[in-house]
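One structure below.
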Amino acid sequence: MSLLTDVLSRIFPRLFKAPAPAVEIATVRDAPRLSQLHRASFHRGWGADEFEQILIERNALAHRLRQGRTVIGFIVSRIAADEAEILSVAIASNQRGRGYSRDLLRTHLGHLAGQGLKKVFLEVEENNRAARALYERAGFRVVGRRERYYKDASGEQLNAVVMQRDLS
Ligand SMILES: CC(C)(COP(=O)(O)OP(=O)(O)OC[C@H]1O[C@@H](n2cnc3c(N)ncnc32)[C@H](O)[C@@H]1OP(=O)(O)O)[C@@H](O)C(=O)NCCC(=O)NCCS
């Protein structure tokens, strides 16, 4: 969506209702865009080379959210034995709050379950309300806590919670 369409769609939501974005498998070619989205979302953003490293691994699964020609979100997991860990999920800041991450997560979990995996884990900053709401709504529950796990831009140390969900 262009900036103009995005602004108009906020003023006249009915006239400019964008079609629901598509959830698709992400590949190593998406690495630069995923890095851009990650850097805009997290204090310690991952570079395109870091995404490339992850995405070429056979035990990685990544989905992208595509609106028209623009990738507006992603989710990436790493698989080990019969478990997966969600490494990161992000939606472009101008597309948040529209329920898109729910679709992305639902599809991603479906693929993990389809591979016969039994459990999914993730770590999330304790006060990240949007992410916690997303995961809780999807059936994740808190199974642990990590003190001073993240640092924010001001250097403040933040706690993380570990969340888990069964896939079977
Ligand atoms: C977390 C994130 C992916 C959620 O994406 P999103 O598309 O905006 O979320 P959705 O619109 O699908 O909403 C998901 C849930 O979060 C809730 N939510 C959204 N924004 C919220 C906010 N600012 N505060 C509290 N709850 C919020 C929604 O109400 C919804 O809950 P519900 O299903 O109970 O109604 C997005 O905010 C993001 O990219 N954040 C930056 C990166 C990040 O923090 N990733 C997670 C790291 S583990």
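A few remarks follow.
- The length gained by stretching the chain between Asp49 and Asp166 to full extension, at 0.36 nm per residue less their Cα-Cα distance, is 39.0 nm.
- Taking every DSSP beta bridge that has both ends in the chain, the antiparallel portion is near 90%.
- About its Cα centre, the chain has a charge dipole of approximately 640 debye under the convention of +1 per Lys or Arg Cβ and -1 per Asp or Glu Cβ, with nothing else charged.
- Projected label points at Phe12 and Arg78, each 7 Å from Cα along the beta carbon direction, are separated by 4.8 nanometres.
- Most fluctuating residue given options Val71, Val142, Val124, as computed from a GNM of the chain linking Cα atoms under 10 Å: Val142
- Considering only Ala113, Ala131, Ala153, the Gaussian network model of the chain with Cα springs below 10 Å gives its largest mean-square fluctuation to Ala153.
- Over all pairs of different C-alpha atoms in the range 30-168, the reciprocal of the mean inverse distance, the Kirkwood hydrodynamic radius, equals 15.5 Å.
- Dipole magnitude for the range 1-95: about 580 debye, using +1 per Lys or Arg Cβ and -1 per Asp or Glu Cβ, origin at the Cα centre.
- Relative intensity, log₁₀ I(q)/I(0), of the range 92-163 from a Debye sum that treats every alpha carbon as a point, q = 0.24 Å⁻¹: -1.13
- Mean separation of Cα contacts under 8 Å, 6 or more apart, over the residue count of the chain: relative contact order %: 17 percent
- Rg over Rh for the range 15-65 works out to 1.07, using Cα positions for both radii and the Kirkwood form for Rh.
- Over the range 1-86, the fraction of Cα-Cα pairs per 10 Å bin, rounded to whole percents and listed from the shortest bin up, is 17, 40, 28, 13, 3.
Where a number appears in this text, it was derived from the coordinates with a stated rule and is not lab data. Computed from a predicted model, the values in this text were never measured in an experiment. Backbone-built Cβ (ideal geometry, glycine too); neighbour counts: all protein chains shown.
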